[in-house]
1. As a check on your grasp of the helix formula, calculate [θ] at 222 nm for the chain: sum -39500 (n - 2.57) over DSSP H runs of n ≥ 4, divide by the residue count, round to the nearest 500.
2. Hey, what angle do you get for helix 93-105 against the long axis of the chain, alpha-carbon based, 0 to 90 degrees rounded to 10?
3. Hey, which lysines would be in cross-link range of Lys52, C-alpha to C-alpha under 30 Å, not counting anything within fewer than 8 residues on its own chain?
4. Expressed in nm to one decimal, what extension gain is obtained for the pair Glu203 and Ser238 from 0.36 nm per residue of sequence separation less their Cα-Cα distance?
5. List, in order, the whole-Hz ³J(HN,Hα) value for each residue of segment 174-189 obtained from phi through the Karplus relation with A = 6.51, B = -1.76, C = 1.60 and θ = phi - 60°; use x for Gly and Pro.
6. Which distance in nm do the two modelled labels at Leu128 and Ser17 give, with both placed 7 Å along the Cα-to-Cβ direction?
7. List every residue whose amide H lies under 5 Å from the amide H of Ser34, counting only residues 5 or more places away in sequence or on a different chain, with H placed 1.01 Å from N in the peptide plane.
8. Under 8 Å for C-alpha pairs, at least 6 residues apart: give me the relative contact order for segment 3-150, rounded to a whole percent.
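Please treat every number below as a calculation from the coordinates, not as lab data. Just so it is clear, the structure is predicted and the values come from calculations on it, not from any experiment. A quick note on method: Cβ atoms are made from the backbone with ideal geometry, for glycine too, and the neighbour counts reach across all protein chains shown.
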Amino acid sequence: MLSLEEIKSRVHQSGTSQKDCLLLCLAVGDAHKSVGTVEKIAASAGVHRAKKWNISHVLSGSNGHAIRTDQGWELTPAGRDHVRGLLGVASSPVLGAVASLRAHIATLSDSDTKAFLIEAADCIQNKLNRAAVVLSWVGAVSVLYAHVVKHHLATFNAEAQRRDSRWHNAKNADGLARMGESDFLNILEHLSVIGKSVKQDLEACLKRRNGCGHPNSFHLGENAVAAHVETLVLNVFSKF
């Protein structure tokens, strides 16, 4: 969620409580954290006194801002909003998009897809809107390629051959990437991998990606980026 640099000055502000200091430390990165990890982050931020605190006790009394799971301590949605408030950052659709994207990154097994989406989330958070649109689309297509290779490769190749006799059967994602993405989506709809409405929404995302991925005067704001990412999360990342 945050970098160490983003919390350093805030944890040293006068009046910052132990609870708020630890919540800020818990917001660094995206993984669940052990008490030891929270203590190390605090030390890295210059709060060396945290090693004397009962970290579990403080977080347990955080009014629902942090919870402990089998994997460690994590912020709740209310906790994330509280941390944004401490930093003077208003909640926005983009922050919600980042949270959704990072949540789905943790569920992916393919390292290349994870890399695309981690970069996309970082771009969104740093207001690199065009790059965020491009990378999130690449991540979504990577997920769809993996699904086709695992479940529909033979039928996909047969339909591709029917449409274009020059098509050489794909054996993996690299082979699928030889096809234009618009044609790829059309075949997915034909095979009922996606429905017509989903295809239309994904085509809109593809057009936005094309607008962002080429030198031109196209501009887009954070709401458009949030809508783009939300479409991909709801129709690709959470389904395949």
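1. Mean residue ellipticity, 222 nm, calculated: -19000 deg cm²/dmol.
2. Computed tilt is about 80 degrees.
3. Lys8, Lys19, Lys33, Lys40
4. Length gained between Glu203 and Ser238: 10.8 nm.
5. In residue order, the calculated couplings are 4, x, 5, 5, 6, 8, x, 5, 5, 5, 4, 5, 4, 5, 4, 5 Hz.
6. 3.7
7. Amide H to amide H, under 5 Å and 5 or more residues apart or across chains, Ser34 pairs with Trp73.
8. Averaging sequence separation for qualifying contacts and normalising by length gives 17 percent for segment 3-150.
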